[in-house]
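Report on the structure given below.
Coordinate-derived values only; no laboratory data. All values reported here derive from a predicted model rather than from experimental measurement. Because the Cβ atoms are built from the backbone with ideal geometry, glycine has one as well, and the counts that use them run over all protein chains shown.
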Amino acid sequence: MTMNYADEILKGSPLAVSRVITWLENEDERARPCIEAIYPHTGNAYIVGITGSPGTGKSTLTDGLTWQMRQRDLTVGIVAVDPSSPFTGGALLGDRIRMTRHSADPGVFMRSMATRGALGGLAQFTQGATKVLDASGKNIVIIETVGVGQDEVDIMRVADTTCVVLVPGMGDVIQSMKAGIMEIADIYVINKSDRPGADQLYSEVMFRVAQDVHMHNRKWVPPVVKTVAVEGKGEDDLLDAIMAHRKYLEESGDFMVKRRERTRQETLQMIHHELFRVIRQRLDRNSRIEVMVGAIMEHKVNPYKIVEKVVSEWLPASK
């Protein structure tokens, strides 16, 4: 008998969840009807983003945070976005190695996803995977981004609560605070806070937060939480801060505002992706794209004219 994957996902089947996420990654046509079937059952999971530069201990922190959530009887889905293998395009699975203690826990589902060239720290199909985990009944979905540094801001468009992880001794802290990644945090986490310089970093972040709140008249004041993830210290405080932010969002009405904007951005991304997929298929037909590339390489035409020609074939002339 053929498995009804949508029904099995709604029953919480790990096999069905894993299979459909794989279909999403591979752009398998079987994924779409399944996602459409489960979509009415999404929107219940709370989405937490863990982001920060490489080397900040995000995976170890995610592992400890998951353990704290399980102590409070919360089921957890984890999407760990790993760098892509340059040879296979697959995820390098570094995050799974650091989260083995949850491998036998039926209340935790963990999946590594490859970036496959996607910018902004997220895999292209992270949102689809999040919906699958949501529909499967997970209370919280944690998205741990790949760690691309200061440009890693896409997570704020996906997560309800975004945690930015910092560590002492990683270069010019004030300079990094000027970058976009420091402006997306709902919670700041100073991990490896047993290292020298942790107190100074804490003071500098608190000062920056106070400035930002005053300058932009922010109602939510991002807390700064100290952790030592390798020792399991501070992760309960981090979970308390996440729950406090959730309460704030729900009581202020910002929760639905954020989710509406997320839906808007996701819809635009889906339209963009589908248009690109269709156009790419047409250009690949009869090797048309290769003919275009050859003409450009021989300087018979410039790429701007090629783009203009392709777009004009699909879109009516603007009036």
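Here's the list of lysines a cross-link from LYS247 could span, going by alpha-carbon distance under 19 Å and ignoring same-chain residues fewer than 8 apart: LYS138, LYS219, LYS258.
Taking the number of other C-beta atoms within 10 Å as the exposure measure, put THR60, THR145 in order starting with the fewest. Let's see the in-between values first.
Numbers: THR60 21, THR145 28.
In order of increasing Cβ crowding within 10 Å: THR60, THR145.
Relative contact order for segment 1-66: 24 percent, from Cα pairs under 8 Å spaced at least 6 residues apart, divided by residue count.
Return the FRET efficiency for the residue pair THR263, GLN71: r is the Cβ-Cβ distance, R0 is 35 Å, and the value is rounded to the nearest 0.05.
Details: r = 32 Å, r/R0 = 0.92.
Efficiency computed from Cβ-Cβ geometry: 0.60.
Spin-label model, ILE279 to ASP105: label points 7 Å out along the Cα-to-beta-carbon direction sit 4.4 nm apart.
Spin-label model, ASN139/MET243: points 7 Å from Cα along the beta carbon direction are separated by 0.9 nm. The orientation-averaged shadow of the Cα convex hull for segment 267-314, equal to a quarter of the hull surface, comes to 3.6 nm².
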